[in-house]
Structure formats: structure tokens, C-alpha cells
Amino acid sequence: MGYGAADFLGGSSAEMETQTRRALREILYEIQSPSTFESVWHEVSSSRPYRELLKSWECLNRKQRVKGWQRAARVLEQAAYATRPYCLQCGTCCRKGSPSLFRVDLPLVLKGVIKRSNLITLRRGEICFSNESNQLIQLPREQVKIPEKSGTRECLFFQGETKGCEIYESRPLQCRTLECWNPDGFTILTESPFLTRLDLLSPQDPILPVIKAHEEKCDLLNLEQGLKQAVDKKEGGLVLAAEALGFDRHTRDFLGEKYGLRADHLGFLLGRPLAEVAVSLGYRISLDADGRLQVSKERADSGLQGA
Ligand code: SF4
């Protein structure tokens with residue numbers, strides 16, 4: 001429902017009006033609107049959804065009040081955001097997450113605006129925080145994105161409030177399309193295909209077969225199954241998980257030694273190390289004194305990237 005507590009739903013129409021005014025003040029303040037409260041309030045309070053809600057409030061049951069308020073809140077949100085329909089470069093979006101890339105962003109990588117070492121691959125099956133739906137999701141397909149700075153949700157290219165985005169004039173589609181003043185901005189992106197590693201690698205690239213083998217041996221859905229079975233003490237689970245984790249480690253060492261690739265390149269080529277992904281799947285990996293793999297449950301929201 002948003003905009004404060006829902007206590008007013010059981011109250012009088014005067015309380016509902018107070019809450020609506022408060023919600024409008026909050027949102028205008030949050031988006032640094034240049035308009036006065038009274039001018040936007042006039043628009044909201046004379047809108048049909050709000051007038052109807054106010055008139056019928058005392059006769060509505062709770063469920064009807066919720067529905068009516070949702071309609072009025074939508075009008076309120078649109079009226080407020082319409083007063084500031086441009087980017088302030090305030091950095092709020094850049095601190096809440098970094099963008100995934102879409103195929104139309106390919107030229108940015110080809111031109112070197114965004115280097116491959118500035119990218120990370122989120123593989124199918126990773127648990128991520130969705131900036132779009134504001135909840136945890138398991139990725140149904142691969143996404144390549146700009147990473148977030150360690151321990152934060154802040155985009156790698158955000159240089160603080162005074163300097164802003166390092167690549168603002170060439171920022172990716174998601175950043176250009178996400179209009180904080182337009183709650184519908186995200187929906188446009190559902191039409192665009194995500195960029196994948198294959199879009200960025202030549203078919204002749206000698207690393208391609210290594211990536212394919214890694215995808216097969218380190219499939220995240222299999223890893224998750226192995227980890228779950230290991231925690232449940234089911235036969236074969238520990239072996240399945242240990243094989244995937246071992247192959248992942250071995251592949252990273254191999255690419256580092258043979259091609260001199262550092263961790264930032266490996267994040268794009270192979271995604272995050274499997275031991276890190278396991279944490280985001282809700283498992284802790286460790287070795288006992290004899291070097292044997294140990295698996296236990298971990299907090300479900302640890303080690304997440306946004307998507
Ligand atoms: S690429 Fe630039 S605009 Fe986009 S989230 Fe990062 S810092 Fe912000």
C-alpha cells in the first residue's frame with residue numbers, strides 16, 4: 001500500500017484525508033519537487049477517485065477502503081511525479097542498485113565505455129534482489145550486469161553525490177529508462193532481450209569451450225539440489241556439491257594461470273565463485289580439519305546482488 005501505516009483504514013474520512021495529505025507531502029519532499037503542496041493537493045483532491053473515496057468512505061468496509069485508497073494513491077503518485085519529470089542526478093537510483101545490460105547496450109561494451117572487467121555475470125538459478133519487483137527472485141536466465149560495490153547496493157560507476165555517474169552520458173538502457181518520476185518506467189524494459197556472455201564473446205574465443213564446460217558442471221540448480229541433500233544428510237548430495245565447487249575452483253585457477261585473467265575478468269566469464277553463490281542460495285560452505293567439505297544453512301539474504 002505504501003505511504004505510511006495503514007491505521008487510518010479503520011478511521012474516519014477526516015483521518016483518511018489527513019493521511020492522504022501526509023502521503024503527498026512525503027512524496028513531494030522525497031522527489032525534491034519544485035511545485036507547492038497546495039497546487040498538487042488541488043489536483044489530487046479534485047480527482048474523481050479521491051472525491052468518490054471521500055464521499056463513500058464511512059459506508060465502505062475495510063476491503064473496499066483498501067481498494068479505493070489504492071486507486072487514490074495511484075492518482076496521488078502520478079500527480080506528484082509529474083511535477084518533476086526529469087533526472088536530478090541525485091544518485092538515489094545509483095545507490096539502490098546497479099543495472100543489468102540489455103542487447104541494445106552492446107555498443108557500450110564494444111566501444112570500451114564499459115569494459116568486460118566492469119561486468120559480472122549472474123547465472124541462471126542465482127537468487128537476486130529484483131530492483132523491479134522489490135523482492136528476492138531466482139533468475140530464470142543469465143544476465144550480465146555492472147556489479148555493486150562490495151557490501152553495498154551502490155553501482156560501481158557511482159562516484160558520490162558531487163561527481164555522480166562516471167558514464168552518465170553513455171549510461172545503459174536500464175538507467176536511461178528508469179525514470180524515478182514515472183512508476184511505469186520499468187515495464188518498457190520487459191520487451192528488451194538481456195545481454196549475455198555469448199553476445200560479448202567471439203565464437204572462436206578459446207575460452208568459450210571452458211565456459212560451456214563450467215556451465216554444465218557447475219549448473220546452479222544442480223548445486224542447490226546437492227547442497228540441500230547434503231544438509232538433509234541424503235546420499236550423494238555432498239559429492240554433487242563438492243564436484244561442482246571443485247570444478248569451479250579448478251576452472252578459475254586454470255584461466256588465471258593460462259590467460260593471466262584476474263578475479264574481475266572471471267566474474268564476467270564464469271560468474272561469481274560458486275562458494276559465494278552458495279551463500280546467496282542460503283548455504284554456508286567450509287572445510288573441516290581433515291579438509292572435508294561441510295555444508296550448513298545460512299541466512300537467506302546473505303551475499304545477494306541486485307538484478
Ligand atoms: S551506470 Fe551510472 S546512472 Fe547507472 S546506476 Fe551506475 S552510476 Fe547510476
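Based on the Kirkwood approach, the hydrodynamic radius assigned to region 41-125 is 17.3 Å, with every pair of different Cα atoms included. Legend: calculated FRET efficiency, Lys149 to Leu88, from the Cβ-Cβ distance at R0 = 30 Å, rounded to 0.05, equals 0.90.
Sorted by average packing, counted as other Cβ atoms within 10 angstrom per residue and highest first, what order do 238-249, 52-63 take? Numbers along the way, then the final one.
Numbers: 238-249: 18.2, 52-63: 13.0.
In descending order of packing, they fall as 238-249, 52-63.
What separates the Cα centres of region 205-253 and region 88-126 is a distance of 27 Å. Each peptide in 256-266, 66-76 was scored by the mean count of other Cβ atoms within 10 Å over its residues; highest first, the order is 66-76, 256-266.
Placing pseudo-labels 7 Å out from each Cα toward the beta carbon at Arg124 and Thr196 gives an inter-label distance of 0.7 nm. Computed from label points 7 Å out along Cα-Cβ, the spacing between Leu287 and His250 is 1.5 nm. For region 92-198, the alpha carbon convex hull comes to 110 Å³ per residue, rounded to a whole number. Calculate the translational D of region 5-81 in whole µm² s⁻¹ from Stokes-Einstein, where the hydrodynamic radius comes from the Kirkwood formula applied to all Cα pairs, the temperature is 10 °C and the viscosity 1.306 mPa s. My calculation gives 127 µm²/s for D. Can you send over the carbon and sulfur percentage of the accessible area for the chain, probe radius 1.4 Å, protein chains only? Exposed carbon and sulfur together represent 52 percent of the surface.
Accessible surface ranking for Leu221, Leu287, 1.4 angstrom probe, highest first: Leu287, Leu221. Annotation: per residue accessible area for the chain equals 55 Å², rounded to a whole number [probe 1.4 Å, protein chains only].
Would you please report the Å³ per residue occupied by the convex hull of the alpha carbon atoms in the chain?
Values: hull volume 52.1 nm³, N = 307.
Convex hull of Cα atoms, per residue: 170 Å³.
Applying 1/(1 + (r/R0)^6) with r as the Cβ-Cβ distance of Arg176 and Gln138 and R0 = 22 angstrom yields a FRET efficiency of 0.20.
What's the extension gain from Asp205 to Arg48 if we count 0.36 nm per residue and subtract their Cα-Cα distance?
Computed gain between Asp205 and Arg48 is 50.4 nm.
Can you give the log10 of the normalised intensity I(q)/I(0) at q = 0.16 Å⁻¹, computed with Debye over equal Cα scatterers of region 198-305? With no solvent term, the Cα-only Debye profile gives -0.74.
The values are calculated or read from the model by the stated rules, or taken from the named source; none is laboratory data. Remember, it's a predicted structure, so these values are computed and weren't measured experimentally. Glycine gets a Cβ as well: all are built from the backbone with ideal geometry, and neighbour counts include every protein chain shown. SASA here: full protein model, heavy atoms, side chains in, ligands and nucleic acids out. Shrake-Rupley method; radii C 1.70, N 1.55, O 1.52, S 1.80 Å.
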